[in-house]
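Student: Submitted below is the structure of interest, expressed as structure tokens.
The values are calculated or read from the model by the stated rules, or taken from the named source; none is laboratory data. Keep in mind that this is a model prediction, so the values were computed, not measured. Neighbour counts run over all protein chains shown; Cβ positions are idealised from the backbone, glycine included.
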Amino acid sequence: MATTKAKPFIHPDFLLTTKAARELYHGYAEKMPIIDYHCHLPPVEIAEDRRWTDIADVWLGGDHYKWRQMRSNGFAERLCSGRGTDGCASGWEKFEAFAKTMERLVKNPLFDWSHLELARYFGVTERLCGASAKRIYDKCNRQLKAKWFSARGLMKKSNVAVVCTTDDPVDSLEYHLAIAQQPFATQIRPAWRSDKASKIETLKVWNDWMDRLGAAAGMAVKTYDDFLAAMAKRHDFFAQAGCVVSDYGITEIFAAPYTEAEVARIFRKARGGKAVTPEEALKFKSAWLYEGLKADCRANWTTQLHYNCLRDLNGAMYDVMGPDTGFDCIGDWSVTENLAKLFDRLEREDALPRCILYSLNPKDNEMLATVMGCFQKAPCRGKIQLGAAWWFLDQKDGMRKQIEALAALGSLGNFVGMLTDSRSFLSYTRHEYFRRLLCQKLGEEVEKGELPNDLKWLGGIVRDISFNNANEYFGFKA
């Protein structure tokens with residue numbers, strides 16, 4: 001008896017189980033350009049059009065998602081981040097360790113993402129495991145030699161229209177300026193990330209950063225008024241370099257009551273090298289966040305608020321490796337009242353910018369969707385947004401819950417869509433993953449009779465969520 005060849009895991013209808021879902025994805029979502037309005041790609045690698053010689057560099061080099069799971073599967077740090085005390089492993093050793101980790105990652109989003117990346121960028125459709133690792137490793141490394149396989153080439157292949165990186169206010173933006181001198185098909189824009197300005201409780205680090213701010217702004221930063229003036233200068237500089245979006249990575253929403261005189265005194269105290277109390281730190285953080293959003297509104301920027309991440313739990317590893325290395329978790333701060341206070345204060349002054357709200361805790365989806373409904377305002381459609389499922393939540397269940405909360409309590413048709421939040425040039429398949437899940441969700445409901453069987457109408461919504469809404473919302477004109 002003839003045997004039927006098994007369909008590869010990644011195939012054209014991956015995740016699409018109904019006729020309506022397949023038509024929505026292939027007919028409306030698949031070929032839409034990508035707007036990646038929040039990521040952590042190094043601008044220098046875009047400016048220099050980086051190339052790689054080993055799949056382990058481009059795939060594992062800065063990916064703490066993968067490192068976490070490799071640690072969970074018992075692999076030494078030298079095989080994960082490569083920063084172990086017993087030396088760095090070779091590219092092959094790291095790749096083999098991850099391939100063996102994949103054998104245990106059933107239903108983990110990394111299993112799906114990794115196979116999507118192998119299929120889209122390397123033409124590999126077999127399952128990655130210990131037995132297939134060497135064959136796949138060699139094929140990928142051969143593919144890396146292709147002329148198109150570079151930082152910019154990957155963006156072109158992925159049909160990326162806009163990328164917003166994440167940049168410190170003290171950054172010179174030299175690489176963004178260099179890219180602007182030799183532009184290519186993808187817009188590369190900076191995004192303002194001023195978190196270090198708020199960390200007044202880490203006195204030496206904070207004071208060192210304030211010195212750098214003064215140097216960048218060309219002025220001394222001794223008083224709170226100096227601080228506001230220097231930040232305004234840098235904000236203008238970022239705007240001139242094409243920035244239209246800010247991002248605040250915070251534990252909770254800061255909205256403690258304060259007076260200008262109190263904040264000025266707290267700032268002077270800290271600049272004088274004296275430790276501030278927790279209450280004083282909270283007052284300063286509240287002023288920093290409020291003034292930051294006001295500045296964004298004046299500049300017609302969009303603000304992103306990322307909160308509820310508890311960072312650097314493993315102090316011993318943080319001392320060795322620093323931040324953003326896979327030792328963070330979901331936090332559990334309640335922010336409803338503070339968020340409402342912050343937004344109300346800004347709205348009373350006509351200073352509330354367009355804003356995207358992200359919580360790392362899925363319990364907040366419905367709360368955020370109802371808070372944002374209190375502050376929508378013409379003429380902007382969807383001025384306040386429930387952000388895409390973020391970090392630990394950008395997997396099937398997390399994406400579906402975000403879609404459901406937004407659809408039930410807001411306006412799904414106005415959603416500005418997915419982002420990568422990644423340090424890897426291979427992560428654009430996360431947009432594909434989201435689009436497939438969106439089309440599957442809508443297609444399922446069409447098949448059940450819960451949505452009208454009008455695929456032209458639904459397809460227009462899919463196109464808007466995939467690209468058009470973000471293009472209009474941020475003013476990219478891509």
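Student: Whether any residue in segment 264-276 is touching a strand residue (DSSP E or B) at 6+ places or on another chain (Cβ under 9 Å) and surrounded by fewer than 21 Cβ atoms within 10 Å (Cβ to Cβ) is what I want to check.
Tutor: no
Student: Could you figure out which of (1) in contact with a Cys (Cβ under 8 Å, 6 or more places away or on another chain); (2) crowded, with 16+ Cβ neighbours inside 10 Å; (3) β-branched (Val, Ile, Thr) isn't true of Ile403?
Tutor: (1)
Student: Note down all Cβ pairs under 6 Å where the first residue falls in segment 447-474 and is part of a helix (DSSP H, G or I), the second is among the acidic types (Asp, Glu) and surrounded by 15 or more Cβ atoms within 10 Å (Cβ to Cβ), and they're at least six residues apart or on different chains.
Tutor: Leu455/Glu23
Student: Limited to segment 235-262, what total is found for residues that are in a helix (DSSP H, G or I) and within 21 Å of Arg212 (Cβ to Cβ)?
Tutor: Total satisfying the criteria: 6.
Student: Tell me which residues, restricted to segment 292-309, are among the polar types (S, T, N, Q), in a loop (DSSP other than H, G, I, E, B) and buried (at least 20 other Cβ atoms within 10 Å of the Cβ). Steps first, answer last, please.
Tutor: Taking segment 292-309 as the starting set, the residues that turn out to be among the polar types (S, T, N, Q) are 300, 302-304, 308.
If we keep only those that are in a loop (DSSP other than H, G, I, E, B) as well, we get 300, 308.
Within segment 292-309, Asn308 is the sole residue that qualifies.
Student: Working carefully through the options Val106, Val44, find the one that is within 22 Å of the chain's Cα centre (by Cα) and of a type in the set (A, V, I, L, M, F, W, C).
Tutor: On the way: Val106 fails: within 22 Å of the chain's Cα centre (by Cα).
It is Val44.
Student: For the list (1) out of contact with any helix residue (DSSP H, G or I) (no Cβ under 6 Å at 6 or more places or on another chain); (2) surrounded by fewer than 18 Cβ atoms within 10 Å (Cβ to Cβ), I need the number of the one condition that Asp167 fails.
Tutor: Condition not satisfied by Asp167: (2).
Student: Consider Ala20 carefully, then state whether it is small (Gly, Ala, Ser) and in contact with a Ser or Thr (Cβ under 6 Å, 6 or more places away or on another chain).
Tutor: Working: small (Gly, Ala, Ser): yes; in contact with a Ser or Thr (Cβ under 6 Å, 6 or more places away or on another chain): no.
In short, no.
Student: Looking only at segment 238-249, which residues are surrounded by fewer than 20 Cβ atoms within 10 Å (Cβ to Cβ) and in contact (Cβ under 8 Å) with a residue 24 or more places away in the chain?
Tutor: Result: Ala239, Ala241, Gly242, Gly249.
Student: Now for a separate question. For segment 304-352: of the residues being of a type outside the set (D, E, K, R) and on the phi > 0 side of the Ramachandran plot, which is modelled with the lowest pLDDT?
Tutor: Looking at the filtered set, the residue picked out is Gly322.
Student: Any idea which of (1) touching a strand residue (DSSP E or B) at 6+ places or on another chain (Cβ under 8 Å); (2) surrounded by fewer than 20 Cβ atoms within 10 Å (Cβ to Cβ) is the one Ser359 doesn't satisfy?
Tutor: (2)
Student: Collect the residues in segment 172-225 that are over 17 Å from Lys285 (Cα atoms), in contact with a Phe, Trp or Tyr (Cβ under 7 Å, 6 or more places away or on another chain) and not in a loop (DSSP other than H, G, I, E, B), keeping them in residue-number order.
Tutor: Gln187
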